[in-house]
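Taken together, the values in this text are just the output of simple stated rules run on the coordinates, not laboratory data. In this text the structure is predicted, and so the values were computed from the model without any measurement. A quick note on method: Cβ atoms are made from the backbone with ideal geometry, for glycine too, and the neighbour counts reach across all protein chains shown.
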Amino acid sequence: MFGLFGLSYEFRWSVLWVDPHLTWLLNGLSTTLRLAAISWIIAVLLGIIFGAMRTVSFRPAHAIATVYVEFFRNVPLLVWLFFWYFGAPEVFPEFLKQWFIRHGIEFWSGVAAISIYHGSRLAEVIRSGIQAIPKTQLEAGLSSGLSVIETYRLILIPVALRLIVPPATNESLNLLKNTSLAMTIGVAELTFAARQIETYTAKAVEALTAAALIYLVLCLTISMIMNKIERKYAIPGLIARGTGAEH
Amino acid sequence: MIEFRGVNKWFGSLHVLKDINLAIKQREVVVVCGPSGSGKSTLIRCINRLERIQNGEIIVDGISLSGKKTDITKLRAEVGMVFQQFNLYPHKTALENIILAPIWVRKQSRAKALKIGKDLMAKVGIPDKLDSYPAQLSGGQQQRVAIARALAMQPKIMLFDEPTSALDPEMINEVLDVMTNLAREGMTMIVITHEMGFAHRVSTRIIFMDEGQILEDESPELFFTQPKNERTRFFLSKILTH
Ligand SMILES: Nc1ncnc2c1ncn2[C@@H]1O[C@H](COP(=O)(O)OP(=O)(O)OP(=O)(O)O)[C@@H](O)[C@H]1O
Ligand SMILES: [Mg+2]
């Protein structure tokens, strides 16, 4: 029926739910989720720490954070994946290297590359959030006897996080999608699984459509969750972004 | 309680405080006034070291601010500050704003902090707004919460930087009333304000600043009736006519 141009590609969607293909897909999905979740948590922590450091007046802290951000966000993620997989383990102390090899060095190299790269990008998002808060909030905290760190932790960062939900969502979706690059260093994540099915069955369209739909569902789910979070933590009385209900 | 000895401060090449000498005793209520840019805010922000001075010495409650071993956060806990723009924490309710520093800095139990916080909200006249967020309060209410928040630390000194300048006229008095009561209770206060009625009724001393200098430092009676300086007279004539 698809005889156009003399091609006759025959759809066979059933390749997706016969074993071992289904198991590959599910394992791939599970690896993608683990890789994304662990990397996301580390990236958010790095983003908060270095994003906050970029806003303090203490010069050395500011300088360290600037170097981190500029160094990691300006080199392609693919290069970082190769670096953390092929390069970095060579210079690790032996015990660390052995630990990584025993616990799946591909996976942990992927975590390192993705979390540090996206941490540097999230740091910029968080910096802009903190800088959107009037400086007098810091002064209010300090003048009440809180230290700079306490003021950041109790006031500036919680407020900034509420302000940056939309760009942070965007960055989180990028992180999730970028986990697919980890297949290049041999992490058996979702895209890797799709490619594997394609290799064994020659059913590229089916395999890649399955992967695409799964990514789509994951991304939409994350968007929805972030939307809920934004509403739940919206500061009462201030206009909640996207709802426009209050004036 | 507060002493300035030969204090000078520059912002870059701008000389904002010029050889300030000043001594303020316990229970004094000092009003600071003067034209915009004369250094009033800078003067009081030096007292809790939100601004650093380049030379001279400031002594607060017997402690030199420039001392190497001075624990500045400890000192700031003793000095309450109220800002023109209220500066309440937007993500916390009125009561949460008030109990934050007592719990974190004074290490009060939550129960005790809550009790003190509720009492203070009653004292500033808005006991029914405990769970309101700042953006849900009027300017006058926000400023009263801000005063309650500062008082919750049981400070020895209260600094006010134009506390009523951002308020609609009908809300100014509710804030001034709270400040008047505080003065009556014997709080040591420094208040930057152009509310000359308040200055007249409540202050024990009025300081007039211009171009980084203290030009006048008088009791309210003398300040209004026989100002020494030409520029004070000019300033008063402008401010009292409207
Ligand atoms: N952080 C700063 N950096 C540079 N210059 C500053 C800074 N803060 C204040 N200045 C300048 O120092 C001078 C004194 O400022 P200050 O805020 O103390 O004046 P003020 O008497 O409180 O004025 P206003 O009535 O407008 O509040 C002004 O010329 C101001 O522009
Ligand atoms: Mg000022």
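Here is how the numbers come out for the structure above:
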item	result
Wholly within segment A:1-110, helices (runs of 4 or more DSSP H) carrying at least 2 residues that are under 30 Å from residue A:202 (Cα atoms)	A:21-53, A:77-82
Breaking point among (1) out of contact with any Leu (no Cβ under 9 Å at 6 or more places or on another chain); (2) surrounded by fewer than 19 Cβ atoms within 10 Å (Cβ to Cβ), for residue B:87	(2)
Pairs where the first residue, in segment B:181-195, is within 13 Å of ligand 2 (Cβ to nearest atom) and the second is charged (D, E, K, R), C-beta under 7 Å, 6+ apart	B:192/B:40; B:192/B:161; B:192/B:162; B:193/B:162
Number of positions in segment A:228-240 that are in contact (Cβ under 8 Å) with a residue 24 or more places away in the chain, assigned to a helix (DSSP H, G or I) and not acidic (Asp, Glu)	2
Selected residue (criterion: farthest from the chain's Cα centre (by Cα)) from residues of segment A:142-160 that are at the interface with chain B (Cβ under 7 Å from one of its Cβ atoms) and part of a helix (DSSP H, G or I)	A:143
Some residue of segment A:121-141 being in contact (Cβ under 8 Å) with a residue 40 or more places away in the chain and within 10 Å of chain B (Cβ to nearest Cβ)	no
Index of the failed condition, residue B:17 passing every other in (1) in contact with a helix residue (DSSP H, G or I) (Cβ under 7 Å, 6 or more places away or on another chain); (2) more than 10 Å from ligand 1 (Cβ to nearest atom); (3) within 16 Å of residue B:192 (Cα to Cα)	(2)
Lone unmet requirement of (1) within 16 Å of ligand 2 (Cβ to nearest atom); (2) in a loop (DSSP other than H, G, I, E, B) for residue B:16	(2)
Qualifying residue in segment B:75-95 (condition: more than 30 Å from residue A:162 (Cα to Cα), within 14 Å of chain A (Cβ to nearest Cβ), touching a Gly at 6+ places or on another chain (Cβ under 9 Å) and free of Cβ contacts under 8 Å to residues at least 40 places away in the same chain)	yes
Whichever residue in segment B:196-228 is of a type in the set (Ser, Thr, Tyr) and touching a residue at least 60 places away in the same chain (Cβ under 8 Å) and, among such residues, is nearest to ligand 2 (Cβ to nearest atom)	B:203
All positions within segment B:30-56 that are over 20 Å from residue B:240 (Cβ atoms) and either of a type in the set (Phe, Trp, Tyr) or away from ligand 2 (no atom under 11 Å from the Cβ) (or both)	B:46, B:47, B:48, B:49, B:50, B:51, B:52, B:53, B:54, B:55, B:56
All positions within segment A:181-194 that are among the hydroxyl-bearing types (Ser, Thr, Tyr) and surrounded by 21 or more Cβ atoms within 10 Å (Cβ to Cβ)	A:191
Some residue of segment B:162-178 being small (Gly, Ala, Ser), crowded, with 22+ Cβ neighbours inside 10 Å and within 12 Å of chain A (Cβ to nearest Cβ)	no
Helices (runs of 4 or more DSSP H) (entirely within segment B:34-127) containing at least 3 residues that are more than 16 Å from ligand 1 (Cβ to nearest atom)	B:72-77, B:94-104, B:110-123
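Here's the yes/no breakdown for (1) within 16 Å of ligand 2 (Cβ to nearest atom); (2) not hydrophobic (A, V, I, L, M, F, W, C):
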residue: B:58; (1), (2): no, no
residue: B:61; (1), (2): no, yes
residue: B:64; (1), (2): no, yes
residue: B:69; (1), (2): no, yes
residue: B:76; (1), (2): no, yes
residue: B:81; (1), (2): yes, no
